[in-house]
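As structure tokens, the structure follows; a few thoughts come after it.
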Amino acid sequence: MLYGAALLALIWIGWQVAQRLVILQPSRQVSVNPKNFGVPYAEEWLDAPAGGGTRAGRVHVWWLPADKPNAPAVLYLHGNESTLSTDIGLMLSLRQAGFAVMAIDYRGYGESALRLPSETSVYTDARLAWARFLERTPQATRRLLYGHSMGSAVAIDLAGHAQRLDGLVVDGAFTSAADVGRAWTADWLPLPKLLRQKFLSKEKIEDLKMPQLFIHCTADEVIPVELGQRLYGLSTGPKQQLLIEGGDHDHCYQAAPERWRHALRQMAGLA
């Protein structure tokens, strides 16, 4: 019985670790930075506390100022298997659209502390980033959150706590981690009961009352567009939906760049 209990404990621990690796997919991809594209930027490091099974460590931050100090500003939160380097194209597009941009690598990603991230830790890292973002943007006309993929769930969670937030943008968003898992496997799997990394955006979106923009490409090969539409339907705040024909998950902003840019500038009061 003792050996059996020990085996079950090991299986349970392994399952918890596997969830975090599969759902959050921490990545250490580091290559380009804004300087490679002639864009001025600053690097910062934030000290994040332990929590959610993730040890304390540093969070790597990029700050890309706009030409004018009163330009609208956006905090960008990337998805799983991504880093600052992999998503630099989207960040530069945000800056070209007229925004000052801050972005982070959660612990476990890029040059941030080498840790096993969790749902709790990415939420914590995003809240730390928002506090620093407010310090960096005292004159910004508007402050937006932009979350892509898993980052959409992080942004939705942060939006429920963030002060002085003027708008939320989610790109390739989903209702919950379990719903994504069942879309990839089978509807009958009891994933809501088995997963501890839940990312329950569908239970948080109804409470958000700031303006919201939902972006999704219809040919998204990672997050079915139906999940994004379902989440949009649950929102009770002022909202808009930008459905882009074709495209893919990681580069939806490139599938219809003028429409994407116009929708964001409209959110920021620039259009």
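Every condition in (1) over 30 Å from Pro257 (Cα atoms); (2) over 13 Å from the mean Cα position of the chain (by Cα) is met by Val222 except one, and the failing one is (1). Residues of the range 165-185 that are open to solvent by 20 Å² or more (accessible area, probe 1.4 Å), farther than 25 Å from Arg107 by Cβ and not in a helix (DSSP H, G or I): Asp166, Thr185. Within the range 246-262, the only residue that satisfies the criterion of being of a type outside the set (Lys, Arg), within 14 Å of Phe214 (Cα to Cα) and open to solvent by 40 Å² or more (accessible area, probe 1.4 Å) is His262. In the range 251-271, how many residues are in a loop (DSSP other than H, G, I, E, B) and without any contact (Cβ under 8 Å) to a residue 24 or more places away in the chain? Result for the range 251-271: 2. Listed by first and then second residue, the pairs with beta-carbon distance under 7 Å, at least 6 apart or on different chains, first residue in the range 189-204 and over 20 Å from Pro117 (Cβ atoms), second open to solvent by less than 30 Å² (accessible area, probe 1.4 Å) and assigned to a loop (DSSP other than H, G, I, E, B), are Lys202/Thr175; Lys202/Ser176. Take the residues in the range 235-267 that are over 19 Å from the mean Cα position of the chain (by Cα) and hydrophobic (A, V, I, L, M, F, W, C), then tell me which one is farthest from Asp166 (Cα to Cα). Per the criteria, the residue is Ala255.
The residue of the range 187-221 that is nearest to Arg142 (Cα to Cα), among those that are among the basic types (Lys, Arg) and at pLDDT 95 or above, is Lys209. Number of residues in the range 231-249 that are part of a loop (DSSP other than H, G, I, E, B), within 14 Å of Ala173 (Cα to Cα) and free of Cβ contacts under 8 Å to residues at least 60 places away in the same chain equals 2.
The values are calculated or read from the model by the stated rules, or taken from the named source; none is laboratory data. Since we're looking at a predicted model, the values are computed, not measured. Note that we place each Cβ from the backbone using ideal geometry, even for glycine, and neighbour counts take in every protein chain shown. Surface areas here come from the heavy atoms of the whole protein model, side chains and all, with no ligands, DNA or RNA. Shrake-Rupley method; radii C 1.70, N 1.55, O 1.52, S 1.80 Å.
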